[in-house]
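All remarks here apply to the structure that follows.
The values are calculated or read from the model by the stated rules, or taken from the named source; none is laboratory data. What you are looking at is a predicted structure, and each value in this text was computed from that prediction instead of being measured. Note that we place each Cβ from the backbone using ideal geometry, even for glycine, and neighbour counts take in every protein chain shown. SASA here: full protein model, heavy atoms, side chains in, ligands and nucleic acids out. Shrake-Rupley method; radii C 1.70, N 1.55, O 1.52, S 1.80 Å.
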Amino acid sequence: GCLSVRWIYGKTKRSVAATVEAYDIDGNKLNYGGSGLLAHIFQHEIDHLDGRVFVEYLSSLKLSRIRTKLAKQARITA
């Protein structure tokens, strides 16, 4: 799940380990690595920086179900 698409949940394939390279305010290179949940979070947030949300990794059938669900919620709250 993700706060960008609330109430929508789905499983995505993620690597079990990830390393992130970044720079601090002084331009010094930093490396952070993690596995399990931390690796999943790294990959999720990098997706956001690249302009993607997790639903883009889901099958077309699951996306269709999500669209139907969102349309129904929009009708209910309108």
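Applying the condition of being touching a residue at least 24 places away in the same chain (Cβ under 8 Å) and within 28 Å of A74 (Cβ to Cβ) to the stretch 4-47 and asking which residue is surrounded by the fewest Cβ atoms within 10 Å (Cβ to Cβ) yields W7.
Among the residues of the stretch 1-51, those that are polar (S, T, N, Q) and part of a loop (DSSP other than H, G, I, E, B) comprise T12, S15, N28. Considering the stretch 59-78, the residues that are in contact (Cβ under 8 Å) with a residue 40 or more places away in the chain and of a type outside the set (D, E, K, R) include one that is least open to solvent (accessible area, probe 1.4 Å), namely I66. When the stretch 48-58 is examined, which residues are found to be open to solvent by less than 80 Å² (accessible area, probe 1.4 Å) and under 14 Å from I8 (Cβ atoms)? Within the stretch 48-58, V53, F54, V55, L58 qualify.
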